1. Taking the residues in the range 12-24 that are in contact (Cβ under 8 Å) with a residue 12 or more places away in the chain and hydrophobic (A, V, I, L, M, F, W, C) as candidates, determine which candidate is surrounded by the most Cβ atoms within 10 Å (Cβ to Cβ).
2. Examine the range 19-26 for a residue that is of a type outside the set (S, T, N, Q), touching a Leu at 6+ places or on another chain (Cβ under 9 Å), closer than 30 Å to Ala4 by Cβ and outside any helix (DSSP H, G or I), and state whether such a residue exists.
3. In the range 43-60, is there at least one residue being at pLDDT below 95, among the hydrophobic types (A, V, I, L, M, F, W, C) and in contact with a His (Cβ under 8 Å, 6 or more places away or on another chain)?
4. What's the number of the only condition in (1) modelled with pLDDT of 80 or more; (2) within 12 Å of the chain's Cα centre (by Cα) that Ala12 fails to meet?
5. State the number of residues belonging to the range 61-72 that are at pLDDT 95 or above and under 16 Å from Leu23 (Cβ atoms).
6. So which residues in the range 42-57 are in a strand (DSSP E or B) and under 14 Å from the mean Cα position of the chain (by Cα)?
7. Return the residue satisfying two criteria in turn: it lies in the range 25-57 and is surrounded by 15 or more Cβ atoms within 10 Å (Cβ to Cβ) and in contact (Cβ under 8 Å) with a residue 40 or more places away in the chain, and of such residues it is farthest from Glu83 (Cα to Cα).
8. Among the acidic types (Asp, Glu), in a helix (DSSP H, G or I) and exposed (fewer than 14 other Cβ atoms within 10 Å of the Cβ): is that true of Glu9 in this structure?
Amino acid sequence: MYYAEKYGEHAALDWFHKTGAKLGELEDATLLGASGGDVSVNGLRAGRQVSMQQQRILKASPKGKLFHQFPARIYVDGKFTPEADYIRMFA
């Protein structure tokens, strides 16, 4: 049980840091839903409405090692925005 608990904490912190790195600092951030590792967040950044829907996907490497991926769709003012464009938008 200890290993599972430790892995769960690691996965949760990994998700938290990846989300923060993707979105940057938001004002009035609201967690809209969190189910089965999928998360929806809304907030404001530089006066623009930002929304993100992120999934948690469990994968296995060719050697059988399990790892998580956190693909996300980011929207700015209701329009889908690729992550690279989002980063440039607020650089």
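1. If we take residues in the range 12-24 being in contact (Cβ under 8 Å) with a residue 12 or more places away in the chain and hydrophobic (A, V, I, L, M, F, W, C), then Leu23 is surrounded by the most Cβ atoms within 10 Å (Cβ to Cβ).
2. No, the range 19-26 has no match at all.
3. Yes; the residues of the range 43-60 include at least one that is at pLDDT below 95, among the hydrophobic types (A, V, I, L, M, F, W, C) and in contact with a His (Cβ under 8 Å, 6 or more places away or on another chain).
4. The one condition Ala12 does not meet is (1).
5. Within the range 61-72, residues that are at pLDDT 95 or above and under 16 Å from Leu23 (Cβ atoms) number 0.
6. Asn42, Gly43, Val50, Ser51, Met52, Gln53, Gln54, Ile57 - these are the residues of the range 42-57 that are in a strand (DSSP E or B) and under 14 Å from the mean Cα position of the chain (by Cα).
7. Checked the range 25-57; the qualifying residue farthest from Glu83 (Cα to Cα) is Arg56.
8. Taking the combined requirement at face value, the residue satisfies it.
The values are calculated or read from the model by the stated rules, or taken from the named source; none is laboratory data. Only a predicted model underlies this, so the values are computations on that prediction, with no experimental measurement involved. When we count neighbours, we look across all protein chains shown, and the Cβ atoms used for this are built from the backbone with ideal geometry, even at glycine.
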